[in-house]
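Everything below concerns the one structure shown next.
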Amino acid sequence: MPILPEIRVGDPIRHEALAVFPLFSPAGGGVEYLLSDEAITAGSVNVEEVSEGGSVPNLLVTNVSNSKVLFLEGEELRGAKQNRVLNTSVLVAAHSKTTIPVSCVEQGRWRYRSRQFVSGDSHSSSKLRHYLKQSVSESLKAGRGHASDQMAVWGEVSRQMSSLSSSSETGAMADTYESYRERVKEFRERLKYVEGATGVVIAVGKQVVALDLFDKPSTCRKVWDRLLTGVVMDALEANASDQVAQPADVEGLLARLRDSAWEQAPAVGEGQEFRSDADSRTHASALVFGESVLHGSVVVAN
């Protein structure tokens, strides 16, 4: 099982229905890697369909660099035949080709807009991540690999689009995000990265909905704004309430994780993957390399 580091919960930052709790933990064992958006922009990795015909649940990553590259569960990749999100976090080895498991978040398109994918600079909402993590864990237990419930993913993308009165010719999650670009910018301005944080817990109203923990502050700093995009959508859907989550709620989640049984699952790339169901509503995973938890994440149904 992964050895979770000692974690200190910082004071929350709040804006409307959203509360952000920075997490502080000792830095990991010095694993060197690029984040996917950095590597894509630099041309260090190419992300494309697995073949000319494509395959909805899989993409091919070619890493031509000397560095490992970290892709994060829930991050969006845009382009090629349809936009996708990562089903699990993957550490791609240097100078390698890796097939990564993904889910479609653009149901109405299956034609090329580009040969290669780019980073969407966006992340799945906590609701969508819950469908991803729960269904992938069930798939792994059944020996079917990191497959998601694609129909549930499409259903959630459509539901959120309708809830937020957005529209898209191709049913693209990206179009919902684009229609609220100014609101996302506002939340990012109000909920800035807290220096030294290695992770973050998100609450919508009184409900803690997501936790993400990284091996070092530099990774958390780089992905902070991207992680906020999806949970801003959650917050925009929420009803106004005077009830808010408190640090004790976060401590309670951390305690449940430490008491949970973790099972190892086959990692897609390098490292080791572990998964846990703290209860019927709380699902967790961790990508570990050596003694470092590169990305630990938890989603709670809300």
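The values are calculated or read from the model by the stated rules, or taken from the named source; none is laboratory data. Because the structure is a prediction, the values reported are computed rather than measured. Glycine also receives a Cβ, built like all others from the backbone with ideal geometry; neighbour counts cover every protein chain displayed. With ligands, DNA and RNA removed, areas are computed over all heavy atoms of the protein, side chains included. Shrake-Rupley method; radii C 1.70, N 1.55, O 1.52, S 1.80 Å.
Structure notes:
- Criterion: at pLDDT 95 or above, out of contact with any Asp or Glu (no Cβ under 8 Å at 6 or more places or on another chain) and at negative phi - qualifying residue of L213, L227, L257: L213
- Members of the stretch 23-44 found to be under 21 Å from A255 (Cα atoms), among the aliphatic types (A, V, I, L, M) and assigned to a strand (DSSP E or B), listed by number: L23
- Any hit, the stretch 167-177, residues being surrounded by fewer than 20 Cβ atoms within 10 Å (Cβ to Cβ), in contact (Cβ under 8 Å) with a residue 40 or more places away in the chain and among the aromatic types (F, W, Y): no
- Selection of the stretch 213-244 for residues being crowded, with 22+ Cβ neighbours inside 10 Å and within 18 Å of D11 (Cα to Cα) yields L213, C220, L228.
- Residues within the stretch 194-212 that are open to solvent by 10 Å² or more (accessible area, probe 1.4 Å), touching a Pro at 6+ places or on another chain (Cβ under 8 Å), touching a residue at least 60 places away in the same chain (Cβ under 8 Å) and not β-branched (V, I, T), tallied: 1
- Qualifying residue in the stretch 214-234 (condition: out of contact with any Ser or Thr (no Cβ under 8 Å at 6 or more places or on another chain) and assigned to a loop (DSSP other than H, G, I, E, B)): no
- Selected residue [farther than 19 Å from C220 by Cβ, assigned to a strand (DSSP E or B) and modelled with pLDDT of 95 or more] from V47, V20: V47
- Looking only at the stretch 264-276, and only at residues there that are in a strand (DSSP E or B) and in contact with an Asp or Glu (Cβ under 9 Å, 6 or more places away or on another chain), the one that is surrounded by the fewest Cβ atoms within 10 Å (Cβ to Cβ): Q264
- Residue in the stretch 137-153 that is free of Cβ contacts under 8 Å to residues at least 12 places away in the same chain, more than 21 Å from D277 (Cα to Cα) and surrounded by fewer than 20 Cβ atoms within 10 Å (Cβ to Cβ) present: yes
- Members of the stretch 242-290 that are in contact with a Ser or Thr (Cβ under 7 Å, 6 or more places away or on another chain) and polar (S, T, N, Q): S260, S276, S285
- Among residues of the stretch 60-83 that are closer than 19 Å to V268 by Cα, those with a beta-carbon under 6 Å from a residue that is among the acidic types (D, E) at least six positions away or on a different chain give the pairs L60/E48.
- Hits in the stretch 24-42 - residues which are in contact with a strand residue (DSSP E or B) (Cβ under 6 Å, 6 or more places away or on another chain) and either open to solvent by 50 Å² or more (accessible area, probe 1.4 Å) or closer than 18 Å to L70 by Cβ (or both): G28, G29, V31, Y33, L34, L35, S36, D37, A39, I40
- Top-ranked residue in the stretch 57-86 [being closer than 20 Å to K127 by Cβ and of a type in the set (A, V, I, L, M, F, W, C); ranked as farthest from the chain's Cα centre (by Cα)]: L77
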